[in-house]
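As structure tokens, the structure follows; a few thoughts come after it.
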Amino acid sequence: QVQLVESGGGLVQPGGSLRLSCAASGVSFSSYNVKWYRQAPGKERELVAAVTRPGGNINYADSVKGRFTISRDNAKNTVYLQMNSLKPEDTAVYFCNADRYCSGSVCFVVDYWGQGTQVTVSS
């Protein structure tokens with residue numbers, strides 16, 4: 001059974017920080033490209049950050065660039081999203097997604113999603 005389990009969400013004041021975690025079970029997460037998305041009620045899903053498998057590239061949405069950092073710990077089979085200087089407009093449900101697996105030069109399209117974790121930024 002393949003699962004992505006998210007944690008780390010919660011209530012934080014403006015200007016505060018949170019670190020979200022996405023832990024994979026049933027796969028070796030280092031072989032997957034991983035993305036973080038967020039979605040607020042009544043809004044379209046937004047791509048926040050993305051990281052390729054080790055040795056690849058990292059990309060951020062303009063709205064979070066300079067404030068958020070995506071990283072991975074292969075020993076823990078986990079991808080993180082460090083969120084600093086949080087604003088009320090960052091309030092949303094955050095999801096992690098794995099969309100590509102590669103073994104050497106052979107790659108496959110996949111579609112694994114976490115359950116989502118709520119982030120609320122409010123005073």
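The values are calculated or read from the model by the stated rules, or taken from the named source; none is laboratory data. Bear in mind the structure is a predicted one, so any value in this text is a computation, not a measurement. Counting neighbours? That spans all protein chains shown, and the Cβs are built from the backbone with ideal geometry, glycine included. The protein model used for the area step is the full one, side chains on, heavy atoms only, and it has no ligands, DNA or RNA in it. Shrake-Rupley method; radii C 1.70, N 1.55, O 1.52, S 1.80 Å.
Only one of the numbered conditions (1) farther than 20 Å from Cys107 by Cα; (2) in a loop (DSSP other than H, G, I, E, B); (3) open to solvent by less than 50 Å² (accessible area, probe 1.4 Å) is violated by Trp36, and that is (2).
Can you say whether Cys102 is open to solvent by less than 50 Å² (accessible area, probe 1.4 Å), farther than 21 Å from Ser7 by Cβ, of a type in the set (A, V, I, L, M, F, W, C) and touching a residue at least 24 places away in the same chain (Cβ under 8 Å), as far as the supplied structure shows? Spell out how you get there, then give the answer.
Details: open to solvent by less than 50 Å² (accessible area, probe 1.4 Å): yes; farther than 21 Å from Ser7 by Cβ: yes; of a type in the set (A, V, I, L, M, F, W, C): yes; touching a residue at least 24 places away in the same chain (Cβ under 8 Å): yes.
Yes; evaluated as a whole, the condition is true for this residue.
Filter the range 6-27 for residues that are in contact with a helix residue (DSSP H, G or I) (Cβ under 8 Å, 6 or more places away or on another chain) and either aromatic (Phe, Trp, Tyr) or exposed (fewer than 14 other Cβ atoms within 10 Å of the Cβ) (or both) and give the result. Correct list: Pro14 only.
Among strands (runs of 3 or more DSSP E) entirely within the range 82-123, having at least 2 residues that are within 18 Å of Arg67 (Cβ to Cβ) singles out 92-103, 117-121.
Which residue is least open to solvent (accessible area, probe 1.4 Å), if the candidates are limited to the range 63-81 and must be of a type in the set (A, V, I, L, M, F, W, C) and outside any strand (DSSP E or B)? Show your work before the answer.
Step one: list which residues in the range 63-81 are of a type in the set (A, V, I, L, M, F, W, C), which gives 64, 68, 70, 75, 79, 81.
Adding the requirement that they be outside any strand (DSSP E or B) leaves 64, 75.
Details: Val64: 0, Ala75: 100 Å².
Top of the filtered list is Val64.
Scanning the range 39-60 for residues that are more than 14 Å from Ala98 (Cα to Cα) and open to solvent by less than 20 Å² (accessible area, probe 1.4 Å) gives no hits. Could we say that Phe95 is of a type in the set (Phe, Trp, Tyr), open to solvent by 40 Å² or more (accessible area, probe 1.4 Å) and either closer than 18 Å to Ala23 by Cα or in contact (Cβ under 8 Å) with a residue 40 or more places away in the chain (or both) here? Yes.
Would you confirm whether or not the range 105-117 contains a residue that is at pLDDT below 95, in contact with a Lys or Arg (Cβ under 8 Å, 6 or more places away or on another chain), of a type in the set (Phe, Trp, Tyr) and open to solvent by 60 Å² or more (accessible area, probe 1.4 Å)? Checked the range 105-117: at least one residue is at pLDDT below 95, in contact with a Lys or Arg (Cβ under 8 Å, 6 or more places away or on another chain), of a type in the set (Phe, Trp, Tyr) and open to solvent by 60 Å² or more (accessible area, probe 1.4 Å).
Looking for whichever is within 27 Å of Val109 (Cα to Cα) and modelled with pLDDT under 95 here; the options are Thr69, Thr52. Which one fits? Write out each step before concluding.
Numbers: Thr69 fails: modelled with pLDDT under 95.
So the residue among Thr69, Thr52 that is within 27 Å of Val109 (Cα to Cα) and modelled with pLDDT under 95 is Thr52.
Filtered by the rule that a residue be of a type in the set (Asp, Glu) and touching a residue at least 40 places away in the same chain (Cβ under 8 Å), the range 1-45 gives a lone residue, Glu6.
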